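To start, the structure under review is shown below, and the notes come after it.
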Amino acid sequence: MAETKLAIEGMSCQHCVMAVKKALGGVPGILESDIQVGSAAVKYDETKIKKEDIEAKIENAGYKVKK
Ligand SMILES: [Cu+2]
């Protein structure tokens with residue numbers, strides 16, 4: 001298992017938190033996520049999903065992951 005902490009730009013309220021939660025919900029390989037305004041701590045199975053894929057899910061939801 002791997003864990004990553006991502007800084008996310010463009011999140012401002014609980015709606016954004018829900019949107020990111022929804023973007024990561026049900027994704028195979030994501031085991032646990034703790035989403036706050038502006039950040040996400042994600043535990044994942046690195047044999048099933050890559051950090052880049054997690055970042056892409058968040059960006060597809062309309063937010064920007066700081067690299
Ligand atoms: Cu919002």
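Here, each number is a calculation from the coordinates, and none is a lab measurement. On a predicted model such as this, the values are computed, not experimentally measured, just so you know. Cβ sites come from the backbone with ideal geometry, for glycine too, and all protein chains shown count toward neighbours.
Across q = 0.13, 0.15, 0.21, 0.22 Å⁻¹, the chain modelled as identical point scatterers on its alpha-carbon atoms has Debye log10 I(q)/I(0) values of -0.28, -0.38, -0.75, -0.83, in the order of the q list.
The aspartates and glutamates whose alpha-carbon is closer than 13 Å to the alpha-carbon of residue 64, local same-chain residues fewer than 8 away aside, are 9, 52, 55. The angle between the Cα long axis of helix 14-24 and the main principal axis of the chain comes to about 20°, on a 0 to 90 degree scale. Summing +1 for each Lys or Arg and -1 for each Asp or Glu, what net charge is found among the other residues whose Cβ lies under 12 Å from the Cβ of residue 42? My count for the surroundings of residue 42 gives -1.
Count Lys and Arg as plus one, Asp and Glu as minus one, and take only other residues whose Cβ is under 11 Å from that of residue 64; the net charge is then -1. Helix 51-60 versus the longest principal axis of the chain: what is the Cα-based angle in degrees, 0 to 90, to the nearest 10? So the inclination is approximately 30 degrees. Placing unit charges on the Cβ atoms only, positive for Lys and Arg and negative for Asp and Glu, gives the chain a dipole magnitude near 120 debye about its Cα centre.
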